[in-house]
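Below is one structure, written out as structure tokens; comments come after it.
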Amino acid sequence: MEQKKQKQKLKRKRRNKISHNTAYKTKLYLTKTTILKTPAVKILKENRLGINLAGLKLPNPTMLASGILGYTKETFKNIADGGAGAIVTKSVGLKPRSGYANPTVTQTSCGLINAMGLPNPGIEEFAKEISEAKRVLNVPLIVSVYGFAAEEYATVAKKAVTAGADAVELNVSCPHVKETGSEIGQKPEILKEVVKNVKSAVQKPVFVKLSPNVTSIAETAEAAVNAGADAITAINTVKAMAIDTETAKPILSNKMGGLSGPAIKPIALRCVYEIYEKVKVPIIGCGGITNWRDAAEFLLAGASAVQIGTAIATKGPNMFKAITRGIDAYLKRKGFRSVNEIVGLSHKS
Ligand code: DHB
């Protein structure tokens, strides 16, 4: 008799457990929450971090900035495994380019100065890598594109999208390669022509990465948006140099390069703040982010997402997870249900 009761009790316990799990699953589905690792009852966590960036779905607002790491699908996968919500490739052009001679990078006390000279395999070759990367990646892949004329930007963008790119980011801000980059982005009329050409060539979102080396970055952003930009990335590197006191010569073979890292964070933050007051499209903040607090500052200034470059190059891909966790804890501590709630919050006094 006692044994029978015990058995029934056990049966009831199992049944309850199943219905409890089923209820959880239903709730999971209804509230679009994400499943974390065991234990079972603690697996629920509200998804505060997922965003829709100009139509792209990102699991969290951190992205790999352009120019960091190579062009292979293995490196992209490595970055996604490190927790990046999206990946931006190195800039690719119409034809292969070997770039400048060494030295191409030099360290300063507050960041890196680099002048690679846009080395890349050319879009034909890179298209294969894009298609293969798309097969292994579970986050959006954004291809950074440069050109020496509006039509060239459009041709490269079209080939990238045909190969599987989820969006393109126009490099109109490289600070030191002649007749491309900032030489385009610093002239609003030429910038508009580039954006319009690309917009009419592709059906995917077009991001425009701007240079801080202008009189008014907000006005440049406005020009890009008027031409059809779906989002603005701010900022690219700041034109800079370093000199070797022993040889009395510039260190980089190109003399001038682009400064990235903590030194440019306050400049980038100011740029995002100014752009937010001028345009309605999403802004992607970029420049010197090394921890969650830096990232949160950009979100509060008006960025919907952030790109991280130098910190990934120096500290590795797991920085994405660390920064995402930090943002999540901050949102939770402050009582926000979504990262979207803090975008531009510093403007509301
Ligand atoms: C390079 C390109 C950039 O857009 C930049 O900001 C810095 C360097 C380059 O390839 O040299």
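Since every read-out is calculated from the coordinates, none of them should be taken as a lab result. Bear in mind the structure is a predicted one, so any value in this text is a computation, not a measurement. Note that we place each Cβ from the backbone using ideal geometry, even for glycine, and neighbour counts take in every protein chain shown.
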Estimated distance in nm for a label pair at Ser109 and Lys249, the labels positioned 7 Å out from Cα along Cα-to-Cβ: 2.6 nm
Tell me which of Cys271, Leu252, Ala303 sits at the most positive position along the dipole axis of the range 237-349, charges placed on C-beta atoms (Lys, Arg +1; Asp, Glu -1). Ala303
Can you give the longest stretch of the chain with no exposed loop site, where a site means GluC sites (Glu not before Pro) in a DSSP loop (not H, G, I, E or B) with at most 13 other C-beta atoms within 10 Å? 1-178
What is the extension gain from Arg270 to Asn291, computed as 0.36 nm multiplied by their sequence separation minus the C-alpha to C-alpha distance, in nm to one decimal? 5.8 nm
Label the range 278-349 by shape, choosing from rounded, prolate and oblate, from the square roots a ≥ b ≥ c of the eigenvalues of the Cα gyration tensor; if a/c is under 1.5 it is rounded, and otherwise prolate applies when a/b is larger than b/c, oblate when it is not. oblate
Which FRET efficiency, nearest 0.05, do Lys134 and Lys321 yield, Cβ-Cβ r, R0 25 Å? 0.65
Residues whose modelled amide H sits under 5 Å from the amide H of Thr233, counting only those 5 or more places away in sequence or on another chain, are Val208, Lys209, Leu210, Ile284
By the gyration tensor of its Cα atoms, with a ≥ b ≥ c the square roots of the eigenvalues, what is the shape of the range 121-238: rounded for a/c under 1.5, prolate for a/b over b/c, or oblate? prolate
Give me, ordered by chain and number, the residues 5 or more places off Ala305 or on other chains with an amide H under 5 Å from its own placed amide H. Ile283, Gly285
Provide the gained length on full extension for the span Leu345 to Lys178, in nm with one decimal, where the gain is 0.36 nm per separating residue minus the Cα-Cα distance. 56.3 nm
Fewest-first sequence of Ser66, Ser349 by Cβ atoms within 10 Å of each Cβ: Ser349, Ser66
The chain: calculated mean residue ellipticity at 222 nm from DSSP helix runs of at least 4, using -39500 (n - 2.57): -13000 deg cm²/dmol
Shape of the chain from its Cα gyration tensor (a ≥ b ≥ c, root eigenvalues): rounded if a/c is under 1.5, otherwise prolate when a/b > b/c, or oblate? prolate
Please list, in chain and number order, the residues 5+ apart from Thr108 or on another chain whose amide H is under 5 Å from its amide H, with Hs placed from the backbone. Ile113
